[in-house]
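Encoded as C-alpha cells, the structure appears first; notes follow it.
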Amino acid sequence: MNMPSDENDDLLDEANLVTVAERANELTAGVLVNVLADEGIRAIAVGGFTAGFRAEAPGLVQIKVFEKDAERATKILNEIKRENE
C-alpha cells in the first residue's frame, strides 16, 4: 500500500492523528485506507492484531488520518456509506 506524499513530511512528528472510522477486521479497514489514499488522504489502520481476538471485549480496527484531513475523510467515508445502504 503506497501512501500519498505530503509536502510537509518533515512536520509529521508533530502531526495529530484522529480516528475517522472503526471496522471489525483488517480487511475492511484496509479497503477504507485504500479509498482514502486514492483521494490523496494519508490513512492508517491501527489495532488489527487485537481485533481478531475473541475476548470479552473484542477490539476494533481504527482508521486514522491526520487531523487536517479528518473532515474531508469523514465526508468521503459517509458518501461511501450512503451509497451502500
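The values are calculated or read from the model by the stated rules, or taken from the named source; none is laboratory data. Fair warning: this is a prediction, and the values are worked out from it, not measured in the lab. Quick reminder, even Gly has a Cβ in these numbers, built from the backbone with ideal geometry, and neighbours come from all protein chains shown.
Is it the case that some residue within the stretch 50-58 is modelled with pLDDT of 95 or more and surrounded by 11 or more Cβ atoms within 10 Å (Cβ to Cβ)? I'd like the intermediate steps shown before the answer.
At the first step, the residues of the stretch 50-58 found to be modelled with pLDDT of 95 or more are none.
Checked against the condition, which is being modelled with pLDDT of 95 or more and surrounded by 11 or more Cβ atoms within 10 Å (Cβ to Cβ), the stretch 50-58 yields no hits at all.
The residue pairs whose first member lies in the stretch 34-45 and is of a type in the set (S, T, N, Q), whose second member is surrounded by fewer than 20 Cβ atoms within 10 Å (Cβ to Cβ), and whose beta carbons are closer than 9 Å, counting only pairs six or more residues apart or on different chains, are 34/1.
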